[in-house]
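Structure record follows, encoded as structure tokens.
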């Protein structure tokens, strides 16, 4: 049996989900064919994916429906990592799904709302997880792959000299990021990936770009990518990395967007009245305590803070 790289498995899983969402356009079909022909790994991964789709009825319904049959489910693409593992393990392991489900299907590393933590991966790479973040790590002695499901991370990629390890790869919903001894941040938005390079260099490749364009992002720069293209490339903003100092830094951000950012750290509901949602907010705010942020807002702007259901539901209204 051909050994297929996890990178090819993830790409095959991504193509499979894309194909199930809606019929591929002629351009997308050409991209898929080009991807298959670009390497034996990709070709074997796609063959495995086709066998998988022909046997999907043998899958547990929660995975089959979540991955393939619910086009309106915004969480569905987060199951690509699970699907890639199913492709890698094959039909024998599918039958043993429930045993695996109880042990390893959830994200390898995760933080809750308001929680931050640092972990060390098997190769020595250090990863800091921001609030509400989850990722899987695939290390088999030869490959180093981190699949970011949601949230935001900072990575200090270890300098591995052993020939047993291939280059480190970060996979998001939109892109593959290949760093070399880099210190950088990655945030998963709903339809975009934001990369900020603090030190080193990172190659960023949109997953479905026409020509697999390779964008090199250097020290002191940041980029935003869709799954088809580089959306922006600019100087690294202090706002992008302020969370590493436990701060939320913004400049002229509309209040409704600012509260969306604050909501990432609040275990409850935050709402903004329409009449004040476009107030421009600037400053640096401590993310460790949402109440301090709200007090700073009410002391600086014409905003009144209303608490409901204890501290769970909070509404920002005009004074």
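Couple of notes before you dig in:
Listed here are the residues, each with its yes/no results for (1) buried (at least 16 other Cβ atoms within 10 Å of the Cβ); (2) touching a residue at least 24 places away in the same chain (Cβ under 8 Å); (3) in the same structural domain as residue 17 (by TED's automatic domain parsing).
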{"residue": "260", "(1), (2), (3)": "no, no, no"}
{"residue": "271", "(1), (2), (3)": "no, yes, no"}
{"residue": "287", "(1), (2), (3)": "yes, yes, no"}
{"residue": "305", "(1), (2), (3)": "no, no, no"}
{"residue": "312", "(1), (2), (3)": "no, yes, no"}
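- Search result, residues across the stretch 195-207 that are surrounded by fewer than 21 Cβ atoms within 10 Å (Cβ to Cβ) and touching a residue at least 40 places away in the same chain (Cβ under 8 Å): 198, 200
- Residue within the stretch 249-262 that is out of contact with any helix residue (DSSP H, G or I) (no Cβ under 7 Å at 6 or more places or on another chain) and in a loop (DSSP other than H, G, I, E, B) present: no
- Within the stretch 292-303, considering residues that are surrounded by 14 or more Cβ atoms within 10 Å (Cβ to Cβ) and over 14 Å from residue 272 (Cα atoms), the one farthest from the chain's Cα centre (by Cα): 296
- Against the numbered list (1) within 30 Å of residue 18 (Cα to Cα); (2) in contact with a strand residue (DSSP E or B) (Cβ under 7 Å, 6 or more places away or on another chain), residue 248 comes up short only at (1).
- Residue within the stretch 219-241 that is buried (at least 19 other Cβ atoms within 10 Å of the Cβ) and assigned to a loop (DSSP other than H, G, I, E, B) present: yes
- The condition of being at negative phi, in contact with a helix residue (DSSP H, G or I) (Cβ under 9 Å, 6 or more places away or on another chain) and modelled with pLDDT under 95 holds for residue 227.
- Among the residues making up the stretch 119-139, those that are surrounded by fewer than 20 Cβ atoms within 10 Å (Cβ to Cβ), free of Cβ contacts under 8 Å to residues at least 60 places away in the same chain and not in a strand (DSSP E or B) are 121, 122, 123, 124.
- Any hit, the stretch 159-168, residues being more than 23 Å from residue 242 (Cα to Cα) and in a strand (DSSP E or B): yes
The values are calculated or read from the model by the stated rules, or taken from the named source; none is laboratory data. Since the model is a prediction, treat every value here as computed from it, not as a measurement. When we count neighbours, we look across all protein chains shown, and the Cβ atoms used for this are built from the backbone with ideal geometry, even at glycine.
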